[in-house]
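Scroll down for the structure; my scribbles are underneath it.
Values in this text are rule-based calculations from the coordinates and carry no lab data. Fair warning: this is a prediction, and the values are worked out from it, not measured in the lab. So basically every Cβ, Gly included, is an ideal-geometry build from the backbone, and we count neighbours across all protein chains shown.
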Protein chains: 2
Amino acid sequence: MQAHTKPVNIPKHAFEAADRVHSSAIHLLRGLRIRDRESGIGPAQLSALSVLVFAGSKSLAELAQAEQVKPPTMSRIVAGLRRASLVRLTSNKADGRAIVITATAKGVRLMQQARVRRVESLARAISALPELEVGLLGKAAEIIEKLSRTV
Amino acid sequence: MQAHTKPVNIPKHAFEAADRVHSSAIHLLRGLRIRDRESGIGPAQLSALSVLVFAGSKSLAELAQAEQVKPPTMSRIVAGLRRASLVRLTSNKADGRAIVITATAKGVRLMQQARVRRVESLARAISALPELEVGLLGKAAEIIEKLSRTV
DNA sequence: ATAAGTTAGTTAGCTATGCTAACTATATCA
DNA sequence: TGATATAGTTAGCATAGCTAACTAACTTAT
């Protein structure tokens, strides 16, 4: 009943770095997500909408996979977004079973405002840092972005 | 009724750095949280337990504040943790209304395993990076940790 | 000392979000 | 054509968020 991973093949310093990066990411997002309440929609709806706005139209199955939820869950999330007129559903000409989910202008506007609210306070804090540290953060973000495609 | 912040006093480069840091943190945690399902408890319970394990015993109100939820919500989360024997409730000698919530040995074990599962794949990815980048990540984590106390 | 007010937690009842199982409708394949 | 597979929905369950209203215990003012 225990994780049967080889525990020894990861150097200690890598594990500690991972732990600190993980922990700081949690604490950062814990602070930033407070302002999401102002959006007026729930976290799952907001996150699904962000995928549609930043990655374009998706089918239900694609959106479910991107958000790591099962299709029935995404079905209800999309129903909520639709009720709020934040997305529009159209039919896929090539496949009558599938739906094409697209953010409406209202949805794009809501999402952009939510993103600005989130990033704004972080940006303010960052602007108080020395130039060197800002550059360091930019490089680190790039590395983390690359890592998150591997893990 | 609107946020009366001056929108212009944040330099563009700070906003862009914030955006990249924010985005990379989201993508990182989106990948890591998949393995939390193996813990057998829900995300809110897992997160509350991590506070108890890493910051020690807390009252219900303190735990609710740390997790940014209202007391009734935390009351139910703690009830779930208690049903699973992951926390123990004792009375506060100094204040008969308050409860002291403490992780049990089983709770500590579950939490540590969950943390290892999360961090392990990230650590593996990090161990493949050049030494220089690992160091850079460590410094960035420190800066982000500091920032998340300000934002 | 006791009545009034405050504070800590719980309970009830709503919504949102996660799941699996079972269904409908459409595509595809033998 | 009939069998099978795939896309999405519906039903029903659990968890997790909220507010309103409650109980119990502590504090304060008279």
All but one of (1) at the interface with chain B (Cβ under 7 Å from one of its Cβ atoms); (2) in contact (Cβ under 8 Å) with a residue 40 or more places away in the chain; (3) within 15 Å of the chain's Cα centre (by Cα) hold for A:Ala114; which doesn't?
(1)
Pairs where the first residue, in the range B:41-58, is away from chain A (no Cβ under 12 Å) and the second is part of a loop (DSSP other than H, G, I, E, B) and more than 14 Å from DNA strand C (Cβ to nearest atom), C-beta under 9 Å, 6+ apart:
B:Ile41/B:Ala84; B:Ile41/B:Leu86; B:Gln45/B:Ala84; B:Gln45/B:Leu86; B:Leu49/B:Leu86; B:Leu52/B:Leu86
Take A:Ser39 and decide whether it is on the phi > 0 side of the Ramachandran plot and small (Gly, Ala, Ser).
no
Just wondering, is there one or more residues in the range A:98-114 that are touching a helix residue (DSSP H, G or I) at 6+ places or on another chain (Cβ under 9 Å), of a type in the set (D, E, K, R) and either in a helix (DSSP H, G or I) or more than 30 Å from B:Gly135 (Cα to Cα) (or both)?
no
Inside the range A:22-68, can you point out the residues that are aliphatic (A, V, I, L, M) and touching a Gly at 6+ places or on another chain (Cβ under 6 Å)?
A:Leu49
Among the residues listed as A:Leu137, A:Leu147, the single one being at negative phi, surrounded by 17 or more Cβ atoms within 10 Å (Cβ to Cβ), within 7 Å of chain B (Cβ to nearest Cβ) and touching a Lys or Arg at 6+ places or on another chain (Cβ under 9 Å)
A:Leu137
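Mind listing whichever residues of the range A:65-79 are within 9 Å of DNA strand C (Cβ to nearest atom), away from every other protein chain (no Cβ under 14 Å) and surrounded by 16 or more Cβ atoms within 10 Å (Cβ to Cβ)? Full working, then the answer.
Initially, the range A:65-79 is screened for residues within 9 Å of DNA strand C (Cβ to nearest atom), giving A:67-77, A:79.
Okay, now just the ones that are also away from every other protein chain (no Cβ under 14 Å), so A:71-72, A:74-77, A:79.
Scanning the range A:65-79 gives A:Met74, A:Ile77.
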Residues being more than 9 Å from DNA strand D (Cβ to nearest atom) and either within 14 Å of another protein chain (Cβ to nearest Cβ) or under 14 Å from B:Ser47 (Cα atoms) (or both): count how many of those fall in the range B:80-100.
2
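Can you pull out the helices (runs of 4 or more DSSP H) entirely within the range B:37-90 that have at least 1 residues that are more than 13 Å from the chain's Cα centre (by Cα)?
B:60-66, B:71-83
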Scanning the range A:101-121 residue by residue, those more than 30 Å from B:Ala17 (Cβ to Cβ) and more than 16 Å from DNA strand D (Cβ to nearest atom) turn out to be A:Thr104
Which numbered condition in (1) within 14 Å of another protein chain (Cβ to nearest Cβ); (2) free of Cβ contacts under 8 Å to residues at least 24 places away in the same chain; (3) in a helix (DSSP H, G or I) is the only one that A:Leu129 fails?
(3)
